[in-house]
Amino acid sequence: MISEHFPALIVVTPLILSFVVFAVGLFDRRYCFPLVIIALGACIHFAVSMMKKVIAQGSAIHYYLGAWAPPWGIEYVVDHLNALVLVSIAVISFLVAIYSNSNVKRELPEAKLPQFYTLFLLQVTGLFGITITGDAFNLYVLLEIASFSAYAIIAMGENGAQFAAFRYMIFGTIGACAYLLGVGYLYIITGSLNMADLSKLLPPLYHSKVLIAGFSFLLVGIGIKMALFPVHTWLPDSYTLAPSSVSALLAPLFTKVGAYVLIRVMFTIFDPSFSVTIFPVTEILGWVGATGIIFASILALAQTDLKRMLCYLIVVEIGFIVIGIASANRFGLTGAIFHIINDMFMMACLFTAAGAIFSQIGTRNIYQFRILHKTMPITMAVFIIGALSVIGVPPMCGFFSKWYLILGVIQAKKWVYLAVILIGSLLNAILFFRVLENAYFETRNNIENTLNNKGVTVTLDRIPKGELIPMMCFAVIIILLGIFSGKIINNIIQFAIPGALQG
Amino acid sequence: MEIMVGKFNYWIYIILIMVGFYGMMAKNNLMKKLIGMNIFQWSIILYYISIGAKKGGTVPIIMDTHSAAGQAIRAIDYINPLPHVLMLTAIVVGVATTGIALALLIIIYKKYGTLEEDEIIEALKK
Amino acid sequence: MVRDLNDIIVRTGARILIPFMQIYSLYVYAHGHISPGGGFQGGCIMAASFILLAVAYNLHESKRRLKEKRNAIFCSLGVFIFAATGLVPVLFAGNFLDYGKWSKVLFTDPIMARYYGMAFIELGVQITVMAAMVSIFLDLVTAGKHEEVFEEEKINGDNGRQV
């Protein structure tokens, strides 16, 4: 009944409720937050039931907007690849909304709360739409919705946030216009915009120059949105200077959805053989990913600001995903898809912990973290779980996705990428150990002196429960994802990989 | 010669893209970057509309459908309306981008008193 | 701030032109399916009429005709009309935005129901676009400080305004 319409409702509900929040916020500000929770809770229900239906059915859900069959109409497709991504987006945005209730009041004035929540819901609308759509031009529209909300909500931050948002806008527009050009080139030679239709119409045309030009434009556009190595420079400034809950929303979700779009373009619209043999772009992507890992890890080592270090870590993780895509076999792509899901939760965990530390101490400088393990034990425990997952320690989920990535790279016989993955994990370990050393290892006398000077007795974290519980939920989900990784991969991700890949 | 004359719409849009790109990258003033971005977006809109044009095609509006029965509509008579519809969306996107960018520029000007990029970076470093 | 343009030719011309602009914008919206036009274009022309009022007179006059809170509510109202047009078919077991199912509410046949559904959607688009354009103009022209400019004009009054 109504459950047939969940593909449309999951995009329409946050859209309508964002404008309801805007209208209600003009009169009374206290009703904004409950409306946000209602919207995102409904979206979790929609996403989970769609995922259950896809697993039970074994095939994809197709939903035709306006009852026009493709290729005339726009269709929304939920298959094994985006069912998991939808559930992750819904869960993360719900928990970050709860987290932002108490957190955002410290950084933004009360009068701006309705606008904050409006932009929050619009951003989530855009992200859901990018994931669920099956039409290439509709993806551009929803990508722009998500990007505009990101520009505006980042500009609400502290000093320098507006300038960072402006530079992000210039960069992001180049990316979106390049994507639009790519779609235009595909439209010229086939006359269709539907993704499934394009995958049927394109194979006879694989050797034409138009297609190579269109594919290059698509790659550049998606690469800019995804923060791939040379064009990632918009990311550190804008995500650092944004408010804490905004970074906690954008950092896990936006770039990973871009990586999902890359997998869609390379493996659904285009046949995998196109990327490997006819126009060997997987070579370039592999080198770009590898250079990105090393370069961003070294840059992260030079930072003293905790959030800036985590922003460079996002670029490192995208590098891992791209190496997985570039190895173009079953293991590599399994690792890449699983790493998208893992990275969403890992980054959510780390960024919410960093935001809580910032709101408690007032600074993000690593060298000021002296006695944190006494004053904020739960936050630091959550941070450690996230850190161990990034480094790749079992039973956290990061270990399993890196395992599949290494298997994929070994099978493709690219030994340089193997060395890069291992060195990258080692550099991440050094990164986190810098932070944990400052927070945990101090001599007993120093700790007693500092605590007495500050007049602080040893208690549990003094941050409100509304910030504590989402953080702990993220940590628990990371461990659960690691324990159940076998089930997830065998039941869902295995069917998401196109059959044409060898291995 | 054939490439120059036969595909002149490609030449126009490529030149406009490069002009916009140069404006975005090389100019120091933020307002000029914004204008470069605008030129960049509009050139892509012009390109899309140019690919929908046909020789001898007319406006894609069907007149007198209720007249004689068996009125066959030949697609070759009309220009392709789909790129126009797609570009309507792109124009709206361009307008929204310009609106957000101008609002950001006003806030930046109020804070730093200047719109030159290097002066703003200097002020941010302090 | 905003300079007061005290020219009688501009003011009289604007007074004559603005009602025709608004009716023209409704024509452009209503004929969107058979001639160039539609929701976005009509909304822009309607917004241009309010901006012309603000430019020819002063901002206080424009605010008298279209209050800011009402403008903000229009912005949401357009989206609600769009969503209602899309969601009513869902109640009647059709897909989202399937205007054919409006025939059960409007008592016409499905083809004419699609025709009317397009008109409703464009109406929602027009209202939202008008509200957004006027709001962008007000934000940019007062450099973000709406309240101070309106108060200042109320206090200083209009220099030699001729109604």
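In debye, nearest 20, what is the charge dipole magnitude of the protein assembly as shown about its Cα centre with +1 on Lys and Arg Cβ and -1 on Asp and Glu Cβ, if you could check?
640
May I ask for the Rg/Rh ratio of the range C:8-156, computed from Cα atoms with Rh as the Kirkwood radius, given to two decimals?
Across the range C:8-156, the Cα-based Rg/Rh ratio is 1.09.
Considering the alpha-carbon set of the range B:70-126 alone, what are its Rg and its Dmax in angstrom?
Calculated on Cα positions, Rg and Dmax stand at 22.6, 77 Å.
So if we plug the beta-carbon distance of A:Leu426 and B:Phe21 into 1/(1 + (r/R0)^6) with R0 = 35 Å, what FRET efficiency do we get, rounded to 0.05?
Plugging the Cβ-Cβ distance into 1/(1 + (r/R0)^6) gives 0.35.
Lysines near A:Lys105 by alpha-carbon distance under 26 Å, same-chain residues fewer than 8 away left out - which ones?
A:Lys307, A:Lys374, A:Lys454, A:Lys465, B:Lys110, B:Lys111, C:Lys69, C:Lys145
Students often forget the sequence filter, so: which lysines lie under 21 Å Cα-Cα from A:Lys209 once same-chain residues fewer than 8 apart are removed?
A:Lys200, B:Lys7
What is the calculated FRET efficiency for C:Val105 to B:Lys110, with r their C-beta to C-beta distance and R₀ = 60 Å, to the nearest 0.05?
With R0 = 60 Å, the Cβ-Cβ based efficiency is 0.75.
How many percent of the alpha carbon pairs in the range C:10-62 exceed a separation of 12 Å?
Taking all Cα-Cα pairs of the range C:10-62, the fraction more than 12 Å apart is 61 percent.
What trypsin sites (Lys or Arg not before Pro) does the range C:73-151 have in DSSP loop regions with at most 14 other beta carbons within 10 Å? Write down the numbers at each step before the final one.
Details: sites: C:Lys101, C:Lys104, C:Arg114, C:Lys145; in loops: C:Lys145.
Within the range C:73-151, the qualifying trypsin sites (Lys or Arg not before Pro) (loop, at most 14 other Cβ atoms within 10 Å) are C:Lys145.
Per 0.36 nm of contour for each residue apart, how much would the distance between B:Thr89 and B:Phe8 grow if the chain were fully extended, relative to their Cα-Cα spacing?
Full-extension gain reported as 26.7 nm.
So which chymotrypsin sites (Phe, Trp or Tyr not before Pro) in the range A:86-131 end up in coil per DSSP with only 10 or fewer other C-beta atoms within 10 Å?
Here no chymotrypsin sites (Phe, Trp or Tyr not before Pro) fit, given the DSSP loop and packing criteria.
List the residues of the range A:336-366 whose backbone N lies under 20 Å from a point placed 7 Å from the Cα of A:Val393 along the Cα-to-Cβ direction.
Residues A:342-354 qualify, since their backbone N sits under 20 Å from the label point.
At q = 0.10, 0.11 Å⁻¹, work out log10 I(q)/I(0) for the protein assembly as shown with the Debye formula, treating every Cα as an identical point scatterer and leaving solvent out; two decimals please.
Log10 of I(q)/I(0), two decimals: -1.12, -1.36.
Can you tell me the FRET efficiency between A:Lys209 and B:Glu122 if r is taken as the Cβ-Cβ distance and R0 is 51 Å, rounded to the nearest 0.05?
0.65
If I model a spin label as a point 7 Å beyond the Cα along the Cα-Cβ vector, how far apart are those points for B:Arg74 and C:Arg65 in nm?
If labels sit at B:Arg74 and C:Arg65, their model points lie 5.0 nm apart.
Based on C-alpha coordinates, I'd like the Rg and Dmax of the range A:155-264, in Å.
Reported Rg and Dmax, both Å: 16.6, 54.
Modelled label-to-label distance, C:Ile23 and A:Ser59, 7 Å Cα→beta-carbon offset: nm?
About 5.7 nm separates the two model spin labels.
Would any residue of the range B:104-126 have its amide N under 17 Å from a label point 7 Å out along Cα→Cβ of A:Gln368? List them or say none.
What the label zone holds, given the 17 Å backbone N cut-off, is B:126.
Taking only the C-alpha atoms, wrap a convex hull around the range A:331-503 and report its volume per residue in Å³ as a whole number.
117
So, counting K/R as plus one and D/E as minus one, what does the shell of residues with Cβ under 13 Å around A:Gln303 add up to?
+2
Using 0.36 nm per residue of separation minus the Cα-Cα distance, give me the extension gain between A:Asn491 and A:Asp79 in nm, one decimal.
Numbers: separation 412, 0.36 × 412 = 148.32 nm, distance 1.25 nm.
Length difference between fully extended and current span is 147.1 nm.
In whole Å, what are the extents of the range B:12-126 along the principal axes defined by its C-alpha atoms, from largest to smallest?
78, 27, 14
Given the C-alpha centroids of the range A:1-50 and the range A:69-90, what is the distance between them in whole angstrom?
Here the answer is 18 Å between Cα centres.
To make sure I understand the rule: partners must be lysines, Cα under 30 Å from the Cα of A:Lys487, and not fewer than 8 residues away in the same chain. Which ones qualify?
Once the sequence-local lysines are set aside, what remains near A:Lys487 is A:Lys52, A:Lys53, A:Lys256, A:Lys402, A:Lys413, A:Lys414.
FYI, it's all coordinate maths here, none of it is from the lab. Remember, it's a predicted structure, so these values are computed and weren't measured experimentally. All Cβ positions, glycine included, derive from the backbone under ideal geometry; neighbour counts span all protein chains shown.
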